[in-house]
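The values are calculated or read from the model by the stated rules, or taken from the named source; none is laboratory data. Bear in mind the structure is a predicted one, so any value in this text is a computation, not a measurement. Backbone-built Cβ (ideal geometry, glycine too); neighbour counts: all protein chains shown.
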């Protein structure tokens with residue numbers, strides 16, 4: 001046995017325990033770091049060949065690994081830009097150097113430009129809705145841009161479509177004169193009030209400048225079903241649409257309107273929309289028409305295909321798309337990673353979608369400064385997808401992932417490393433004393 005060999009082995013043991021203590025030190029220092037993944041030191045022996053009655057002591061090697069795939073606890077926060085991933089996956093972020101990497105640290109907050117940046121200075125990346133719902137690039141990061149929540153100014157969109165559902169009373173009387181479609185002033189109109197035997201509903205739409213425009217819609221029965229007639233007739237209703245702002249303001253009726261109906265079809269130019277129902281009260285024709293408003297230069301395609309004619313009271317419920325001019329009041333992020341701009345009035349509008357990335361072996365990712373990771377040959381290639389798909393988790397706002405460090409376990413490892421280091425130092429000390437004995441033999 002070589003005394004020098006035993007001393008070298010002892011030094012190797014002390015180095016190994018020093019490495020273990022360094023890993024413990026990192027873990028304890030980052031116990032409160034968002035989404036930090038604990039490291040652990042493992043050891044492997046190095047055996048030297050021995051023979052002839054002599055034993056050559058080897059050494060010990062240290063390997064450090066990280067429990068990247070182990071999720072930490074979830075902590076609630078008051079910021080809706082703080083994000084955590086519930087399940088597998090990583091946020092795709094970009095550093096100041098333009099390098100794209102992965103992280104679980106979702107402590108994002110808007111910077112001076114409105115980009116979402118975490119505490120390590122990495123910018124959250126996503127796909128824009130500027131050209132419609134985005135499609136993910138599975139095998140790369142092409143198309144990703146910084147998520148920006150600084151949505152200044154006003155936003156609006158003109159109405160282009162609408163729909164109505166409801167019922168027209170099958171017992172309504174047939175009207176042959178005083179139809180709403182002719183009760184307006186100007187060419188082609190009677191300039192008189194329309195019959196009282198008509199039903200009215202209204203719907204709000206928006207023009208290109210974000211103005212609110214209300215339209216009055218009248219339903220009047222003009223023909224009753226007669227199966228014995230030659231030819232047989234069906235139940236038929238006339239639909240007339242007017243701009244509410246053109247209604248008569250004197251007397252007790254909105255008629256006559258100052259301009260004609262907005263749903264006239266051609267040919268002939270004066271023909272209003274007709275709804276035809278079968279013997280079961282189901283719509284058979286005339287379920288769609290277009291509101292052409294010359295004052296807004298807009299067209300709204302209306303869908304009435306879900307209207308029925310039953311022996312029940314009149315009912316009608318309608319809506320249009322579009323949005324009035326409104327400022328953005330903030331953003332929200334849903335579980336699938338869609339970032340919505342919220343308006344003072346109107347529905348939220350999607351502006352970005354945050355993707356998640358994964359690799360075949362997350363624990364083999366290469367850790368970098370800033371609590372980020374880059375793929376390696378051992379981890380496998382990066383696969384990108386949206387949350388809640390392809391085995392990925394979902395995104396939860398107003399929350400952060402805590403470190404997965406077990407502090408009690410780290411303190412235990414620290415004590416063990418200290419005792420092992422001390423034991424190895426005793427071996428080194430004993431070897432040193434034996435060398436002193438050998439040296440003194442020559443004196």
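Read through the list (1) over 17 Å from the mean Cα position of the chain (by Cα); (2) surrounded by fewer than 19 Cβ atoms within 10 Å (Cβ to Cβ); (3) on the phi < 0 side of the Ramachandran plot, then give the number of the only condition that residue 350 fails.
Every listed condition holds for residue 350 apart from (1).
Of all residues in the range 8-53, which are closer than 30 Å to residue 396 by Cβ, assigned to a helix (DSSP H, G or I) and touching a helix residue (DSSP H, G or I) at 6+ places or on another chain (Cβ under 7 Å)?
27, 28
Yes/no matrix, rows are residues, columns are (1) in the same structural domain as residue 15 (by TED's automatic domain parsing); (2) over 22 Å from residue 409 (Cα atoms):
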{"position": "32", "(1), (2)": "yes, no"}
{"position": "39", "(1), (2)": "yes, no"}
{"position": "45", "(1), (2)": "yes, yes"}
{"position": "62", "(1), (2)": "yes, no"}
{"position": "73", "(1), (2)": "no, no"}
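Filter the range 380-391 for residues that are within 15 Å of residue 139 (Cβ to Cβ) and not in a strand (DSSP E or B); which is modelled with the lowest pLDDT? Even if it seems obvious, please write down each step before you answer.
Going residue by residue through the range 380-391, those that are within 15 Å of residue 139 (Cβ to Cβ) are 380-386, 390.
With the extra rule that they be not in a strand (DSSP E or B), the set shrinks to 380-382, 390.
Values: 380: 94, 381: 93, 382: 95, 390: 90.
In this case the residue turns out to be 390.
Considering (1) closer than 24 Å to residue 271 by Cβ; (2) in contact with a strand residue (DSSP E or B) (Cβ under 7 Å, 6 or more places away or on another chain); (3) assigned to a loop (DSSP other than H, G, I, E, B), say which one residue 221 fails and leave the rest.
Answer for residue 221: the failing condition is (3).
So residue 88 passes all but one of these: (1) out of contact with any helix residue (DSSP H, G or I) (no Cβ under 9 Å at 6 or more places or on another chain); (2) modelled with pLDDT of 95 or more. Which condition number does it fail?
Unmet for residue 88, out of (1) out of contact with any helix residue (DSSP H, G or I) (no Cβ under 9 Å at 6 or more places or on another chain); (2) modelled with pLDDT of 95 or more: (1).
All but one of (1) modelled with pLDDT of 95 or more; (2) over 20 Å from the mean Cα position of the chain (by Cα); (3) surrounded by fewer than 19 Cβ atoms within 10 Å (Cβ to Cβ) hold for residue 71, so report the exception by its number.
(3)
Looking at this structure, is residue 206 in the same structural domain as residue 293 (by TED's automatic domain parsing) and either surrounded by fewer than 17 Cβ atoms within 10 Å (Cβ to Cβ) or modelled with pLDDT of 95 or more (or both)?
Details: in the same structural domain as residue 293 (by TED's automatic domain parsing): yes; either surrounded by fewer than 17 Cβ atoms within 10 Å (Cβ to Cβ) or modelled with pLDDT of 95 or more (or both): no.
Spelling it out, it is not the case that residue 206 is in the same structural domain as residue 293 (by TED's automatic domain parsing) and either surrounded by fewer than 17 Cβ atoms within 10 Å (Cβ to Cβ) or modelled with pLDDT of 95 or more (or both).
Confirm whether residue 244 is farther than 16 Å from residue 276 by Cβ, out of contact with any helix residue (DSSP H, G or I) (no Cβ under 7 Å at 6 or more places or on another chain) and surrounded by fewer than 17 Cβ atoms within 10 Å (Cβ to Cβ). Reasoning before the result, please.
Values: farther than 16 Å from residue 276 by Cβ: yes; out of contact with any helix residue (DSSP H, G or I) (no Cβ under 7 Å at 6 or more places or on another chain): yes; surrounded by fewer than 17 Cβ atoms within 10 Å (Cβ to Cβ): yes.
So residue 244 passes the test.
This table checks each residue for (1) part of a strand (DSSP E or B); (2) touching a residue at least 60 places away in the same chain (Cβ under 8 Å); (3) surrounded by fewer than 17 Cβ atoms within 10 Å (Cβ to Cβ).
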position: 96; (1), (2), (3): no, no, yes
position: 102; (1), (2), (3): yes, yes, no
position: 113; (1), (2), (3): no, no, yes
position: 126; (1), (2), (3): yes, yes, no
position: 131; (1), (2), (3): no, no, yes
position: 138; (1), (2), (3): no, yes, yes
position: 143; (1), (2), (3): no, no, yes
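If we keep just the residues of the range 263-287 that are touching a strand residue (DSSP E or B) at 6+ places or on another chain (Cβ under 6 Å), farther than 15 Å from residue 235 by Cα and outside any strand (DSSP E or B), which is modelled with the highest pLDDT?
263
Within the range 339-377, how many residues turn out to be touching a residue at least 40 places away in the same chain (Cβ under 8 Å), under 26 Å from residue 90 (Cβ atoms) and in a strand (DSSP E or B)?
Number of matching residues: 15.
Inside the range 111-133, can you point out the residues that are in contact with a strand residue (DSSP E or B) (Cβ under 6 Å, 6 or more places away or on another chain) and under 25 Å from residue 33 (Cβ atoms)?
Those that are in contact with a strand residue (DSSP E or B) (Cβ under 6 Å, 6 or more places away or on another chain) and under 25 Å from residue 33 (Cβ atoms): 111, 115, 116, 117, 118, 119, 122, 123, 124, 125, 126.
Listed residues 390, 404; which is over 20 Å from residue 123 (Cβ atoms) and crowded, with 18+ Cβ neighbours inside 10 Å?
On the way: 390 fails: crowded, with 18+ Cβ neighbours inside 10 Å.
When all the criteria are applied, what remains is 404.
Please go through (1) touching a helix residue (DSSP H, G or I) at 6+ places or on another chain (Cβ under 7 Å); (2) outside any loop (DSSP other than H, G, I, E, B) for residue 290 and return the number of the only condition it doesn't satisfy.
So residue 290 meets the others, but not (1).
With the condition kept exactly as written, say whether any residue in the range 170-178 is part of a loop (DSSP other than H, G, I, E, B) and under 22 Å from residue 250 (Cβ atoms). Full working, then the answer.
Narrowing the range 170-178 to residues part of a loop (DSSP other than H, G, I, E, B): 170-178.
Next, from what is left, pick out any that are under 22 Å from residue 250 (Cβ atoms): 178.
For the range 170-178, residues part of a loop (DSSP other than H, G, I, E, B) and under 22 Å from residue 250 (Cβ atoms): present.
Could we say that residue 79 is touching a residue at least 12 places away in the same chain (Cβ under 8 Å) and either touching a helix residue (DSSP H, G or I) at 6+ places or on another chain (Cβ under 7 Å) or part of a strand (DSSP E or B) (or both) here?
On the way: touching a residue at least 12 places away in the same chain (Cβ under 8 Å): yes; either touching a helix residue (DSSP H, G or I) at 6+ places or on another chain (Cβ under 7 Å) or part of a strand (DSSP E or B) (or both): no.
Criteria not met by residue 79.
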